[in-house]
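A quick write-up on the structure given underneath.
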Amino acid sequence: MSKNIAIFASGSGSNAERIVEYFSGSEEINVKLFLCNNPEAGVIQRAERLNIPLVMFNRQAFKSGEVVKILQENQIDWVILAGFLWLVPQNMVEAFPNKIINIHPALLPKFGGKGMYGHFVHETVVANKETESGITIHYVNENYDEGAIIFQASYPVLPSDTPEDVAKKGQVLEHKHFPEVIEKVILG
Ligand code: GRF
């Protein structure tokens, strides 16, 4: 039986697209659904282009458990957060214990927590004159960026790097590693 995954995204969705590409020929892992909380998000066009069913939801549906119901109705086995910005509610963590995976654009526990996302992370890395940064793939619990770490990869930050440069280096690593790590975790 193949495993169904749902991908949550709030933004551009380039990681979501990479994951779809990576598993497009797979008989073991099936990207069944995209879920999005942001009507402006680029991932909406990607879903259409990739022909992946998309569910839009609001805070109320997320908190009340309606979103969990949708996941269960779609027989989702694993939840992937790829640039998803809301805190996952307790009801979802309980419904998918150790089955929710997030990617964070820094080397946790550095530069994590509420408000530490996207360009804020990379701006802080540059402002702090860090000499390296990286990506973290981790399980999700009910606190921002605190679940057990599954995988990290790092890259050098040069004194001349702008936050945009840092973001680009991170994105290359995310696209390279995220699908492979998902595959390893799910298939064991
Ligand atoms: C990634 O850098 C991810 O780590 C972060 O948000 C970004 C999402 O990019 N949390 P995209 O929407 O997949 O292009």
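Tallying residues that are under 14 Å from L54 (Cβ atoms), within 15 Å of the chain's Cα centre (by Cα) and not small (G, A, S) within segment 6-40 yields 11. In the condition set (1) of a type in the set (A, V, I, L, M); (2) within 12 Å of the ligand (Cβ to nearest atom); (3) outside any loop (DSSP other than H, G, I, E, B), V31 is compliant with all but (2).
Identify all residues within segment 50-78 that are β-branched (V, I, T) and within 16 Å of the ligand (Cβ to nearest atom); write none if there are none. If the condition is that a residue be β-branched (V, I, T) and within 16 Å of the ligand (Cβ to nearest atom), then I52 is the only one that fits. If you check L81, L85 for being surrounded by fewer than 20 Cβ atoms within 10 Å (Cβ to Cβ) and within 11 Å of the ligand (Cβ to nearest atom), only one passes: L85.
Can you find a residue that is within 13 Å of the ligand (Cβ to nearest atom) and either surrounded by fewer than 19 Cβ atoms within 10 Å (Cβ to Cβ) or aliphatic (A, V, I, L, M) (or both) anywhere in segment 92-102? Checked segment 92-102: at least one residue is within 13 Å of the ligand (Cβ to nearest atom) and either surrounded by fewer than 19 Cβ atoms within 10 Å (Cβ to Cβ) or aliphatic (A, V, I, L, M) (or both). Of the set (1) surrounded by fewer than 18 Cβ atoms within 10 Å (Cβ to Cβ); (2) closer than 30 Å to P163 by Cα; (3) touching a residue at least 60 places away in the same chain (Cβ under 8 Å), all apply to K114 but (3). Picking from residues in segment 130-166 that are buried (at least 19 other Cβ atoms within 10 Å of the Cβ) and touching a helix residue (DSSP H, G or I) at 6+ places or on another chain (Cβ under 8 Å), the one that is nearest to P97 (Cα to Cα) is V140. Pairs are defined by a Cβ separation below 9 Å, a sequence spacing of at least 6 or placement on different chains, a first member in segment 119-138 that is more than 12 Å from Y155 (Cα to Cα), and a second member that is near the ligand (Cβ under 9 Å from one of its atoms) and part of a helix (DSSP H, G or I); the pairs so defined are H119/A167; V121/A167; V121/G170; H122/A167; H122/G170; I137/E174; I137/F178. N51 passes every criterion in (1) touching a residue at least 40 places away in the same chain (Cβ under 8 Å); (2) surrounded by fewer than 20 Cβ atoms within 10 Å (Cβ to Cβ) apart from (1).
Taken together, the values in this text are just the output of simple stated rules run on the coordinates, not laboratory data. This structure is a prediction, so every number in the text was calculated from the model and none was measured. Because the Cβ atoms are built from the backbone with ideal geometry, glycine has one as well, and the counts that use them run over all protein chains shown.
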